[in-house]
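Trainee: Below are the structure tokens for one structure; questions will follow.
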Amino acid sequence: MIRTIFILILGVLITILLACSISAYHSNKPMGKSVGVLSLVVIPPLFGNIIIIAATTNWFSAVGQYIYHIGMDMIMFALIGFTYNYCRIDNRSLKGFHLYSRFLYALLTVDIVQLLLNPIVGHAFNLQEIEAYGRAYFVMIPHLGMKYHRIICYSCVFLATFVFLYMSVTVPRIYRERYAVILISLVIGTLWRTVYVFSRAPIDRSMLGLAACGILIFYFCIYYRPVRLLDSMLANIVSEMDEAIFLFDLDGKCIWVNEPGKEMVKVYDGNFDQVLINLKEFIGDIEGIPEKRHVDYSIDSNAGVKYYTLEKNSCFENTGKVHGSYLKVRDVTDEKLKIEDEFYTYNHDMLTGLYTKEYLYEKVSDRIAKGDTDNFCIAYIDVRDFKIVNDVFGRSFGDFALCTMAEWIREHAGNTSIYGRMGGDSFGVFLPKSGVKQDELENDLANFVIRRGDKEYHIVIHMGFCDIEEVDDVSILFDRAHLAIAAIKDEFKQHLAFYESSMREKVKYSQDISAQLGTAIRENQIVPYLQPIVDTDGKIVGAEALARWIHPTQGFMNPGSFIPIFEENGMIVDVDKHIWRTACKILDSWKATHPEKFISVNISPKDFFLTDVLADIKDFAEEFDINPQNLRIEVTETSMMSNTDGRMKILEDFRKNDFIVEMDDFGSGYSSLNMLKDMPVDVLKIDMKFLGKTEDQERANKIVKNVIRLSDDLGILSLTEGVETEEQFEMLKQMGCMLFQGFYFSKPVPLKDFEGMIS
């Protein structure tokens, strides 16, 4: 009897599901086909259970088991597809769903295959005959294959459950019900199925839950609309909106107002007539507010200015007739003030409160565009060596110094000026020419002292000025004013400079020369000129390599026209490397003819910063396989003033690699004797400035003589450079000097001329 009842119930459910499937498939709903397929694939497991319940033989029950379990796999296929479409996975942040679903599809396919192989292998299940409800009943005894089947089916259900749970939590409340109901039905169906598996009851009652779940999904996807919930939520949304909402009938009477609206007009007792009166006092004529347009409105009160936006719209019936209107009043004071604050923050320097560079350019450009700029000029203000202030006194004192400068600019610029911080320790000003009083400015800047507590520091400030001309970019004017400062950057007593067109030509020349350097090196336009170095007999023993540029159009270029430029921009490193390598190449060519001759090459201070001088020179020496003692390394005393320990180490490494190290320009600095006791050098080049014009020539001679004697006592070879007369040569020989260099013997000459001199 019980079996018959279950068969009839399952038959009815199959009929209902078939009807649902046909109805869903032929509906015009977006989810129709997915729901139709899902409803349809629920039928095979139900039909399989009918066969199992009605079976009187083992093989007939087995057929039902296969239909039932393979049907469950089909449900899992359909469930994953349904979940994908229903939850619109493509538009959600569930990127892993595609990967997991493909993986599960593959596992489901394997499951179907292994179930079909069970009659042969017997690995999934077998049937055991028992007595149930008064007659024989065949129950399934699960094996490993059936455990695999259940794991895969549960995995699919868990994936779908997780997605619906995620949607239920993350979507807005108004949409939550459409996911929550399906989630609940999946959870109940899964739990019901789990209870059956563990109870091992003869008849699978969980099929009723499976069928109910399919019918429920059909209903919610195709027919159900949560109208009451929607209306309730819409009412709550409007009531809880931050905007004040006022509803009016066709006669213009107020019929409803939300809580923010009541607070705005100060009416709390539901007196809608008073609401309208107070509203008109608050914003004026309501009828004059245009429809479907935002209107800005502000009120100046004791609490400050309040800003609002007004929006008025009509309400329509389904027939299109107007049956009322509503007014939305939004307080945008915080947003307005926030925008103003952000605008200020974006356009003003946070430390000094002055304009940023970009906003300064914009404001000056606007002023120039309006004309009347003949009486104005551009000023660029720069602090020299401001890093020292931060290093010595700390960042806080440095910030105070910048703020003090900003305040000084405010006081002196005037109302018609525009000023801002260009960045770091520099400022820019657009100011009247009448405000440029040179004597007063020079006096102010000469005595600009920063005082804070017991700390005091005199900062050196330079100002460059530029007249306003028609240019496409106002930044060019500030660049010109900044360029003017370059003329006085090493001055401490002069603080003002004015831009001249010659400065621009100088910069242009510098840029042009720098741009040609790469080609000049590749084409060997830059070559070493060799200045002879002689011994006491006047015999040439070596030379110093000095860079010279033989330009294809300008001819021989004075070193002073390009060396200082490359020293300043750091490109001297490329020049020096070229000369080092060329010197090694010359020494290689002398191996057979002049193996005892040496060449001295210079290392500039920038080389220590920008390249590994030891590694580079070693590489060149190894490339041409020359004796390191024939390539002498010249460093200036001033290049050793910074990072002394590190550079001493480099010179010591040169000596360890058999290079001879020379100190050039000895005597031109201020701490030569102090450094000499520690400096690892082999040759001391004495500057002939010692023997220049002086009131006490005899005293100068004694100094040179003792320097030569000192170098001899230290085991350092002495070389005097700048020898210009025979008298100097003879005197230096008598003093004990061993090597000589200067115009008396020869100026720097090309390689061919030098080799001719040797011959």
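The values are calculated or read from the model by the stated rules, or taken from the named source; none is laboratory data. Note that this is a predicted model, so its numbers are computed, not measured. For neighbour counting, all protein chains shown are included, and Cβ atoms are generated from backbone atoms with ideal geometry for every residue, glycine included. These accessible areas exclude ligands, DNA and RNA; they are computed on the full protein's heavy atoms, side chains included. Shrake-Rupley method; radii C 1.70, N 1.55, O 1.52, S 1.80 Å.
Trainee: Could you list, in sequence order, all residues of region 22-53 that are assigned to a loop (DSSP other than H, G, I, E, B) and within 30 Å of Ile2 (Cα to Cα)? Steps first, answer last, please.
Mentor: Going residue by residue through region 22-53, those that are assigned to a loop (DSSP other than H, G, I, E, B) are 26-31, 42.
Of everything in region 22-53, just one residue is assigned to a loop (DSSP other than H, G, I, E, B) and within 30 Å of Ile2 (Cα to Cα), namely Val42.
Trainee: So which residues in region 249-303 are surrounded by 14 or more Cβ atoms within 10 Å (Cβ to Cβ) and of a type in the set (Gly, Ala, Ser)?
Mentor: Gly261 - this is the single residue of region 249-303 that is surrounded by 14 or more Cβ atoms within 10 Å (Cβ to Cβ) and of a type in the set (Gly, Ala, Ser).
Trainee: Take the conditions β-branched (Val, Ile, Thr), modelled with pLDDT under 90 and surrounded by fewer than 18 Cβ atoms within 10 Å (Cβ to Cβ) and apply them to Ile758. Does it pass?
Mentor: Working: β-branched (Val, Ile, Thr): yes; modelled with pLDDT under 90: yes; surrounded by fewer than 18 Cβ atoms within 10 Å (Cβ to Cβ): yes.
When the stated conditions are applied, Ile758 passes them.
Trainee: From the list Ser34, Ser21, which residue is open to solvent by less than 70 Å² (accessible area, probe 1.4 Å) and in contact with a Cys (Cβ under 9 Å, 6 or more places away or on another chain)? Break it down stepwise before answering.
Mentor: Details: Ser21 fails: in contact with a Cys (Cβ under 9 Å, 6 or more places away or on another chain).
Only one candidate qualifies: Ser34.
Trainee: Within region 452-494, track down each residue that is in contact with a helix residue (DSSP H, G or I) (Cβ under 9 Å, 6 or more places away or on another chain), over 22 Å from Ser434 (Cβ atoms) and basic (Lys, Arg).
Mentor: Correct list: Arg452, Lys455, Lys493.
Trainee: So the check is Cβ under 6 Å with 6+ separation or different chains; which pairs have a first residue in region 451-462 that's in contact (Cβ under 8 Å) with a residue 12 or more places away in the chain and charged (D, E, K, R) and a second one that's open to solvent by 20 Å² or more (accessible area, probe 1.4 Å) and not in a loop (DSSP other than H, G, I, E, B)?
Mentor: If the second residue must be open to solvent by 20 Å² or more (accessible area, probe 1.4 Å) and not in a loop (DSSP other than H, G, I, E, B), the pairs left are Arg452/Phe400; Lys455/Phe393.
Trainee: Follow-up. For region 725-755, what are the residues that are surrounded by fewer than 16 Cβ atoms within 10 Å (Cβ to Cβ), in contact (Cβ under 8 Å) with a residue 12 or more places away in the chain and within 13 Å of Gln531 (Cα to Cα)?
Mentor: Phe743, Lys747, Pro750
Trainee: Given the criterion basic (Lys, Arg), open to solvent by less than 50 Å² (accessible area, probe 1.4 Å) and under 23 Å from Leu354 (Cβ atoms), identify the matching residue among Arg421, Arg451.
Mentor: On the way: Arg451 fails: open to solvent by less than 50 Å² (accessible area, probe 1.4 Å).
On inspection, the qualifying residue turns out to be Arg421.
Trainee: Let me ask something else about it. May I ask you to verify whether Phe566 is over 45 Å from the mean Cα position of the chain (by Cα) and free of Cβ contacts under 8 Å to residues at least 60 places away in the same chain?
Mentor: Working: over 45 Å from the mean Cα position of the chain (by Cα): no; free of Cβ contacts under 8 Å to residues at least 60 places away in the same chain: yes.
No; evaluated as a whole, the condition is false for this residue.
Trainee: Scan region 394-413 residue by residue and report those that are in contact (Cβ under 8 Å) with a residue 24 or more places away in the chain and assigned to a loop (DSSP other than H, G, I, E, B).
Mentor: Across region 394-413, there are no qualifying residues.
Trainee: With region 470-562 as the region, which strands (runs of 3 or more DSSP E) entirely inside it contain at least 1 residues that are free of Cβ contacts under 8 Å to residues at least 12 places away in the same chain? Full working, then the answer.
Mentor: Numbers: elements: 496-498, 526-534, 540-551, 555-557.
Passing ranges, in order: 555-557.
Trainee: Mind checking which residues of region 574-600 are of a type in the set (Ser, Thr, Tyr) and surrounded by fewer than 19 Cβ atoms within 10 Å (Cβ to Cβ)?
Mentor: Initial filter on region 574-600 (of a type in the set (Ser, Thr, Tyr)): 582, 589, 593, 600.
Ser589, Thr593 - these are the residues of region 574-600 that are of a type in the set (Ser, Thr, Tyr) and surrounded by fewer than 19 Cβ atoms within 10 Å (Cβ to Cβ).
Trainee: Now, a different point. Within region 632-664, track down each residue that is acidic (Asp, Glu), in a helix (DSSP H, G or I) and at pLDDT 90 or above. Walk me through it before giving the result.
Mentor: Taking region 632-664 as the starting set, the residues that turn out to be acidic (Asp, Glu) are 634, 637, 645, 652-653, 658, 662, 664.
The next check asks that each one be in a helix (DSSP H, G or I); those that pass are 645, 652-653.
Matches in region 632-664: Glu652, Asp653.
Trainee: Does any residue of region 547-570 turn out to be surrounded by fewer than 17 Cβ atoms within 10 Å (Cβ to Cβ), touching a Lys or Arg at 6+ places or on another chain (Cβ under 8 Å), within 26 Å of Ser746 (Cβ to Cβ) and of a type outside the set (A, V, I, L, M, F, W, C)? Please lay out each step first, then the result.
Mentor: Pass one, region 547-570, residues surrounded by fewer than 17 Cβ atoms within 10 Å (Cβ to Cβ): 550-556, 558-561, 564, 567-570.
Checking which are touching a Lys or Arg at 6+ places or on another chain (Cβ under 8 Å) leaves us with 556, 559, 567, 570.
Those left that are additionally within 26 Å of Ser746 (Cβ to Cβ): 556, 559, 567.
From what's left, of a type outside the set (A, V, I, L, M, F, W, C): 559, 567.
Among the residues of region 547-570, at least one is surrounded by fewer than 17 Cβ atoms within 10 Å (Cβ to Cβ), touching a Lys or Arg at 6+ places or on another chain (Cβ under 8 Å), within 26 Å of Ser746 (Cβ to Cβ) and of a type outside the set (A, V, I, L, M, F, W, C), which makes the answer yes.
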